[in-house]
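FYI, it's all coordinate maths here, none of it is from the lab. Nothing here was measured: the structure is a model prediction, and the numbers come from that model. Counting neighbours? That spans all protein chains shown, and the Cβs are built from the backbone with ideal geometry, glycine included.
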Amino acid sequence: MPGSMRLALTPKLTAVLAALIVGGVSAASGSAADHGWQNFPLNEGTFDVSSASSARFETLNGRDALCINGEAFARDVTLRNGSIAVDIANDNRRHFANIIFRAASNDTYETAYLRMHKSGQFDAVQYTPHLNGETNWQLFGEAQARAQFGNDPWITLRVDFAGDRAKVSLGGTDNKPALVTHLTLPVEQGAIGLRTLFEGCFSNFRYSSTMPSLPDEGLDENAYAQDGLIEQWSLSDSFPIEAWAGLSASLPESPHWRTAESESNGRLLISRHRRKQSAGAFERNQLDAVYAGVAIYSDGEQTAALQIDASDMATVWLNGEVLFSFDNSFRAKGALFRGDFDVSKQSLSLSLSEGRNDLVVLVAERANGWGLAAAVSAEKPVRIEPFETAK
């Protein structure tokens, strides 16, 4: 549990906490024999709001509420598997209302959220992990769904999570989920809480440690299945850049390479492996960059096909020759351009020599997801390795 979230307990909370470690939850309220929902009041004694830009506890529409911009973590509560629900003040102002779960720290956690100004649209409900202070929604195009928020003053968001998956529902009961998704962080005990981007208000926060039953329908196991996906990359250290140079970018002189594993779907979540030097301010972030590379061994001289995408910007070299550059950052190609990630978005031809060929990609990122994926297909056999194991 994040150290910044721990504060002194009241006598009542201490007594209950000592009695309660049930089904992977340590809790500051409720009964050890109660495996159902536990209400968790919203006040300064129960929520740590020190990470928030602004926060106030108030009465809203006759309810105790927390209005916040940023993160609020439930004090002394952790869950590995379970359910969380909260009521969100329902208006069409542009803001993003999140449930936080499996928080490893105050800047690395899972979230499911509503885009409160997007009722009825295809991305009204979304999932993204926050990794080292950065959201990654551009890399999770499959983890969004359409939903209607209705006209009631409060709308309930519920997340059930177990193992490596979660379902997200509206309405507070075990309704048909709006979204079923794979999760990113390790299946470990973690803190829970709330988050907004731009101010929003919450009420009636509750959770359960009971292991939920999660459906298989709605989860596309092969959403990004593709032959030839690169499973390991060498990554340099991250570094800031003043502006994107595109085809004029330079190769690294002597980078400190370290191997990084791609996810099972081939996406390399760079923020999982490298912390940005400018983070947490979204489009106000400065650009950070990293080099990624692999050695491609070919059984003969041939032309191979490379499918690739990166977020936000990338320049590609093969054997020291620049091949291609692109900018898929948010709104880079118009006000409605989202920059959604798709490994099949760009296709290149690789003129491979027999033996070793070095592929290097410079990936720069401002906000919303730092990632890379590539797949190589060829007629003659190829072997792909990170530079650290290449010979």
List residues of region 296-312, by number, whose backbone nitrogen lies under 11 Å from a label position 7 Å along Cα→C-beta of residue 380.
298-304
In nm, to one decimal, how far is the modelled label at residue 53 from the one at residue 347, with both set 7 Å along Cα→Cβ?
4.2 nm
Of region 250-264, those with amide N under 14 Å from the point 7 Å along the Cα→Cβ vector of residue 325 are 250-252
When Lys and Arg each count +1 and Asp and Glu each count -1, what net charge do the other residues less than 9 Å away from residue 117, Cβ to Cβ, add up to?
+3
Determine, for each peptide in 295-303, 184-192, the mean count of other beta carbons within 10 angstrom over its residues, then list the peptides with the highest first.
184-192, 295-303
Order these peptides, 137-144, 317-324, by their mean beta-carbon neighbour count within 10 angstrom, highest first.
137-144, 317-324
Rank-order 238-246, 79-87 by packing density, defined as the average count of other C-beta atoms within 10 Å over each peptide's residues, highest first.
79-87, 238-246
Length gained, residue 232-residue 117, 0.36 nm per residue minus C-alpha separation, equals 37.5 nm
